[in-house]
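*Asks:* Before I ask anything, let me first share the structure, which is written out below as structure tokens.
Just so it is clear, none of the values below were taken in a lab; they were calculated from the coordinates. Predicted, not measured: the structure shown is a model, and the values here were computed from it. FYI the Cβ positions are ideal-geometry reconstructions off the backbone, even for glycines, and counts take in every protein chain you see.
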Amino acid sequence: MGAIEKDGYTLYCTALFFSPQGQLLGKHRKLMPTTSERCIWGQGDGSTIPVYDTPIGKLGAAICWENMMPLYRTALYAKGHIEIYCAPTADGSKEWQSSMLHIAIKGGCFVLSACQFCQRKDFPDHPDNLFTDWGENKEHDAIVSQGGSVII
């Protein structure tokens, strides 16, 4: 599950892992926030690169752009043969889906990539709202993030 985690005065883009009984197995903080994310989220330190042995298989994750970092994937694979590779993202492009196919083939694993879908109406009206001046996105039903989740 993706979450925004607060620790002290820093926010982290984080993936949380739970057992079938609902117990927290652990977490992974995104190593390097991408572009404007760096204004909001802190950097992970690499100590949380996870692979968890679960009843349905070995589970690991890379958050969004981490999937484009070959050395991150190498470090993840070195922790054990991942059978279920989770890739939460905000990128619903066809290129992203091609990358997920590549990871499934090269990693020899199933890839689950959850991508958010949201519309302008999902955000509150506020003068500081990031989506207030997005031209065509002023329409109440305008799509802000198009989704694009895949299971490969």
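*Asks:* Determine whether Met100 is of a type in the set (A, V, I, L, M) and assigned to a loop (DSSP other than H, G, I, E, B).
*Replies:* Working: of a type in the set (A, V, I, L, M): yes; assigned to a loop (DSSP other than H, G, I, E, B): no.
So Met100 fails the test.
*Asks:* In region 26-54, how many are under 16 Å from Leu112 (Cβ atoms) and not in a strand (DSSP E or B)? Give the steps one after another, and end with the answer.
*Replies:* First, pick out the residues of region 26-54 that are under 16 Å from Leu112 (Cβ atoms): 28, 50-52, 54.
Then drop every residue that is not not in a strand (DSSP E or B), which leaves 50.
Looking only at that region, the number is 1.
*Asks:* Sticking with this one: Among Ile56, Ile82, Ile40, which is the only one that is touching a residue at least 12 places away in the same chain (Cβ under 8 Å) and under 16 Å from the mean Cα position of the chain (by Cα)?
*Replies:* Values: Ile56 fails: under 16 Å from the mean Cα position of the chain (by Cα); Ile82 fails: under 16 Å from the mean Cα position of the chain (by Cα).
Answer to the selection: Ile40.
*Asks:* Hey, another quick one. Of all residues being of a type outside the set (A, V, I, L, M) and loosely packed, with under 11 Cβ neighbours inside 10 Å in region 12-37, which is farthest from the chain's Cα centre (by Cα)? Just the residue, please.
*Replies:* Taking region 12-37 first, the residues of a type outside the set (A, V, I, L, M) are 12-14, 17-23, 26-30, 33-37.
Subset that is loosely packed, with under 11 Cβ neighbours inside 10 Å: 20-23, 35-36.
Values: Pro20: 21, Gln21: 23, Gly22: 20, Gln23: 20, Thr35: 15, Ser36: 16 Å.
Only one residue tops the list, namely Gln21.
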